[in-house]
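The values are calculated or read from the model by the stated rules, or taken from the named source; none is laboratory data. No experiment lies behind these values; they were computed from the predicted model shown. Ideal geometry is used to build each Cβ from the backbone, glycine not excepted, and the neighbour counts take in all protein chains shown.
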Amino acid sequence: MATETPTRALFMLFGGTGDLALRKLYPAIFNLYKKGSLSKHFALVGLSRKELTDDEFRAKIIDSIASETDDKAQAEEFASHFYWKSHDVNNLGHYAELRTIADELDKKYELEGNRVFYVSMAPQFFGIVAKNLKDQHVLSENGGFNRLVIEKPFGRDYESAKKLNDELTSAFNENQIYRIDHYLGKETTQAIPVIRFGNPIIESVWNQNFIKNVQVTLAESLGVEDRAGYYDTAGALRDMIQNHALQIVSYLAMDEPNTFVDTEIRKEKVKALESMEIYDAEGVKQNFVRGQYGAGDGSPAYRDEPGVPKDSNNDTYAAGKIVFNNPRWGKTPFYVRSGKKLAAKQGRIDIEFKKPLVDIFAKGTKQPQELQSNVLSLLIDPKVGIVLNINTKNSEQGFHTETVDLDYVQSPERAAEVPLPYERLFHDILNGDGTYFASWPEVAAAWKFVDPIQHLWDATQPDFPNYKPGSMGPKAADDLLARDGNSWYYPNVR
Ligand SMILES: NC(=O)C1=CN([C@@H]2O[C@H](COP(=O)(O)OP(=O)(O)OC[C@H]3O[C@@H](n4cnc5c(N)ncnc54)[C@H](OP(=O)(O)O)[C@@H]3O)[C@@H](O)[C@H]2O)C=CC1
Ligand SMILES: O=C1O[C@H](COP(=O)(O)O)[C@@H](O)[C@H](O)[C@H]1O
């Protein structure tokens with residue numbers, strides 16, 4: 001593998017002692033350092049209201065990366081690049097101090113003015129941080145890059161997302177903004193364009209003539225855990241479908257870009273997302289299903305989870321059918337579903353192909369046989385891999401057909417080597433590559449699709465709870481597919 005030139009950069013991490021930073025972001029940056037994408041020419045300023053010394057902050061960093069290394073000297077050397085600054089994002093004076101620190105570190109580490117501003121804080125702070133960074137001249141003005149990284153959620157509907165985007169773009173250009181969607185850092189999501197456009201055998205049948213339906217499943221076995229404060233105001237539709245599921249759908253549905261660069265890919269993704277049919281109230285009722293888990297097997301109902309109101313109507317499950325008004329997809333439905341407290345942690349895409357127009361094995365032979373649809377499964381989580389289920393003849397005496405899997409599933413050893421999603425995304429940010437980040441038009445199109453669904457759900461009383469923990473969600477989600485003559489492939493995988 002070619003060795004890359006390490007990128008010089010100063011990170012400024014807002015929310016530097018937060019849960020996400022300590023659990024995911026520092027280990028990801030450490031792995032980049034270990035693998036040589038960052039060298040001695042980098043530094044990070046951690047920011048929050050807490051008063052910490054640099055040494056106290058560095059001790060937190062060493063703790064945070066403990067699972068990534070046994071090499072104490074390397075961990076200490078890495079942590080020596082970290083600095084702490086107590087900073088209230090509403091205090092303008094603090095930005096002036098930050099600018100001075102940034103300029104000093106820029107000189108000390110010869111960073112060539114490259115700056116990454118990562119806002120890992122509650123969403124109400126995203127806009128104000130961007131504005132103050134610009135107004136208080138913390139952005140590099142000597143030719144280096146300025147990149148702003150924004151965590152999720154990006155708004156709670158189209159209007160709030162637009163307002164946030166306007167705030168961000170009054171300080172940064174669209175090509176300087178990196179909207180994080182960690183599902184885009186996952187191995188299988190990143191493989192979709194290659195699997196499709198790198199294999200004529202697949203891309204030539206990737207359309208309504210050959211594909212019967214597409215199913216995206218993002219199932220979790222965990223419940224709301226300790227995040228009720230956020231989750232009860234979001235719900236599965238906003239938390240998983242609007243972003244992760246629709247981003248995956250956009251890679252599955254898009255046309256081939258002219259070249260594999262972020263600007264071209266984004267154009268095609270937007271085109272696909274903008275051709276999703278937007279439902280009116282009747283369309284929502286027919287095509288989307290919500291759910292909330294009840295009690296079962298010794299685990300509490302959602303409404304009895306700590307921090308959840310007893311009368312909460314929040315959705316912990318959402319499923320729906322997407323129809324594209326475009327020539328590629330025409331009548332082929334895309335189904336998406338996501339929920340908490342389901343039977344298993346399972347992220348996967350199942351693509352069901354149409355059966356042959358004429359089935360020569362169904363009649364005329366001594367033992368009529370029934371062919372099955374071919375199913376291509378792209379496994380996201382916990383296994384990573386590709387499985388193609390096809391018809392063949394079984395080897396017993398007589399003539400019988402059966403299905404077999406042609407599969408590539410990553411070994412546990414290989415999986416352990418694979419970069420973590422945040423590591424991949426940081427790597428792309430350092431390289432200025434927006435391929436696996438959501439652009440504003442994509443986010444806007446996704447909200448415009450989701451808003452009518454959420455509005456109807458907010459305005460009507462659900463009959464909750466309506467699914468048992470450990471199940472695959474409400475029965476209505478099975479009925480949704482059955483009405484089209486389809487059924488969920490998982491968990492009844494052949
Ligand atoms: N945690 C997770 O697993 C995930 C989180 N996210 C997103 O990441 C972001 C961060 O989440 P998370 O780390 O869990 O949040 P936390 O609540 O753990 O951290 C928030 C951080 O913001 C700081 N902060 C709060 N108010 C101010 C202020 N006025 N000025 C400066 N700093 C302030 C806090 O420090 P202090 O109180 O010292 O100021 C703390 O460091 C959110 O947008 C979340 O939606 C996304 C996916 C998963
Ligand atoms: O963004 C989110 O994702 C997680 C699931 O992520 P995964 O990588 O573990 O599949 C989900 O639990 C959380 O509610 C949501 O905010």
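In summary, VAL493 fulfils each of the numbered conditions (1) more than 20 Å from the chain's Cα centre (by Cα); (2) in the same structural domain as THR259 (by TED's automatic domain parsing); (3) modelled with pLDDT under 95 with the single exception of condition (2).
Conditions tested, residue by residue: (1) farther than 30 Å from ASP311 by Cβ; (2) charged (D, E, K, R).
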position: VAL216; (1), (2): yes, no
position: TYR230; (1), (2): no, no
position: GLN242; (1), (2): no, no
position: GLU264; (1), (2): yes, yes
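Contact map, the range 471-494: residues that are in a loop (DSSP other than H, G, I, E, B) paired with residues that are of a type in the set (Asp, Glu), Cβ distance under 6 Å, separation 6+ or inter-chain. Pairs shown: TYR489/ASP350.
Each row is one residue, and each column tells you yes or no for (1) under 22 Å from ILE278 (Cα atoms); (2) at pLDDT below 95; (3) of a type in the set (Val, Ile, Thr); (4) out of contact with any Leu (no Cβ under 9 Å at 6 or more places or on another chain).
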residue	(1), (2), (3), (4)
TRP440	yes, no, no, no
HIS455	yes, no, no, yes
PHE464	no, no, no, yes
TYR467	no, no, no, no
PRO474	no, no, no, yes
ALA477	yes, no, no, yes
LEU481	yes, no, no, yes
ASP484	yes, no, no, yes
TYR489	no, no, no, yes
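The range 367-421 holds strands (runs of 3 or more DSSP E) entirely within its bounds, and those carrying 2 or more residues that are more than 28 Å from ASP181 (Cβ to Cβ) and at pLDDT 95 or above map to 385-393, 401-409. Among the criteria (1) under 30 Å from VAL387 (Cα atoms); (2) within 16 Å of ligand 2 (Cβ to nearest atom); (3) polar (S, T, N, Q), the one ASN207 does not fulfil is (2). Within the range 66-85, none of the residues are within 27 Å of the chain's Cα centre (by Cα), under 16 Å from PRO27 (Cβ atoms), of a type in the set (Gly, Ala, Ser) and buried (at least 20 other Cβ atoms within 10 Å of the Cβ). Within this structure, ILE150 passes the test of being within 16 Å of ligand 2 (Cβ to nearest atom) and among the aliphatic types (A, V, I, L, M).
Okay, residues lined up against (1) near ligand 2 (Cβ under 10 Å from one of its atoms); (2) touching a helix residue (DSSP H, G or I) at 6+ places or on another chain (Cβ under 8 Å); (3) over 17 Å from TYR335 (Cβ atoms):
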residue	(1), (2), (3)
ASN199	no, no, yes
ILE202	no, yes, yes
VAL214	no, yes, no
SER221	no, no, yes
VAL224	yes, yes, yes
TYR230	yes, no, yes
ASP239	yes, yes, yes
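Here VAL404 meets each of (1) more than 20 Å from the chain's Cα centre (by Cα); (2) exposed (fewer than 12 other Cβ atoms within 10 Å of the Cβ) with one exception, condition (2). Among the conditions (1) in contact (Cβ under 8 Å) with a residue 60 or more places away in the chain; (2) more than 16 Å from ligand 2 (Cβ to nearest atom), GLY155 misses just one, which is (2). Of all residues in the range 349-359, at least one satisfies being buried (at least 18 other Cβ atoms within 10 Å of the Cβ), within 16 Å of ligand 2 (Cβ to nearest atom) and either under 19 Å from the mean Cα position of the chain (by Cα) or within 30 Å of TYR467 (Cα to Cα) (or both).
Whether any residue in the range 322-342 is closer than 18 Å to LYS475 by Cα, touching a residue at least 40 places away in the same chain (Cβ under 8 Å), of a type outside the set (Lys, Arg) and more than 13 Å from ligand 2 (Cβ to nearest atom) is what I want to check. Before you say what the answer is, go through the steps one by one.
Our first condition is that a residue be closer than 18 Å to LYS475 by Cα; within the range 322-342, this holds for 335-342.
Then drop every residue that is not touching a residue at least 40 places away in the same chain (Cβ under 8 Å), which leaves 335-342.
Within this subset, residues satisfying the condition of being of a type outside the set (Lys, Arg) are 335-336, 338-339, 342.
Filter once more, so that each one left must be more than 13 Å from ligand 2 (Cβ to nearest atom): 335-336.
Yes; the residues of the range 322-342 include at least one that is closer than 18 Å to LYS475 by Cα, touching a residue at least 40 places away in the same chain (Cβ under 8 Å), of a type outside the set (Lys, Arg) and more than 13 Å from ligand 2 (Cβ to nearest atom).
Checking each residue in the range 301-321 for being assigned to a loop (DSSP other than H, G, I, E, B) and touching a residue at least 12 places away in the same chain (Cβ under 8 Å) picks out ALA301, GLU305, PRO306, GLY307, VAL308, PRO309, SER312, ASN313, ASN314, ASP315, THR316.
Where in the range 165-236 are there helices (runs of 4 or more DSSP H), lying wholly inside it, with at least 1 residues that are within 16 Å of ligand 1 (Cβ to nearest atom), in the same structural domain as THR316 (by TED's automatic domain parsing) and among the small types (Gly, Ala, Ser)?
On the way: elements: 187-197, 200-203, 228-231.
Correct list: 228-231.
Select from the range 89-131 the residues that are within 19 Å of ASP54 (Cβ to Cβ) and either under 30 Å from the mean Cα position of the chain (by Cα) or among the charged types (D, E, K, R) (or both) and write down the one among them that is nearest to ligand 2 (Cβ to nearest atom). Ranking the qualifying residues of the range 89-131, first place goes to TYR118.
Does any residue of the range 290-298 turn out to be assigned by TED's automatic domain parsing to the domain that holds PRO441, among the small types (Gly, Ala, Ser) and part of a helix (DSSP H, G or I)? So that I can check it myself, show each step before the final result.
Taking the range 290-298 and keeping what is assigned by TED's automatic domain parsing to the domain that holds PRO441, we get 290-298.
Now restrict to residues that are among the small types (Gly, Ala, Ser): 291, 294-296, 298.
Among the residues that remain, those that are also part of a helix (DSSP H, G or I) are: none.
Scanning the range 290-298, I find no residue that is assigned by TED's automatic domain parsing to the domain that holds PRO441, among the small types (Gly, Ala, Ser) and part of a helix (DSSP H, G or I), so the answer is no.
Any idea which of ALA281, ALA245, ALA253 is assigned by TED's automatic domain parsing to the domain that holds ILE211, within 16 Å of ligand 1 (Cβ to nearest atom), at pLDDT 95 or above and small (Gly, Ala, Ser)?
Numbers: ALA281 fails: within 16 Å of ligand 1 (Cβ to nearest atom); ALA253 fails: within 16 Å of ligand 1 (Cβ to nearest atom).
After applying the criteria, what remains is ALA245.
The residue that is nearest to ligand 2 (Cβ to nearest atom), among those in the range 168-191 that are crowded, with 16+ Cβ neighbours inside 10 Å and farther than 28 Å from ILE386 by Cα, is TYR178.
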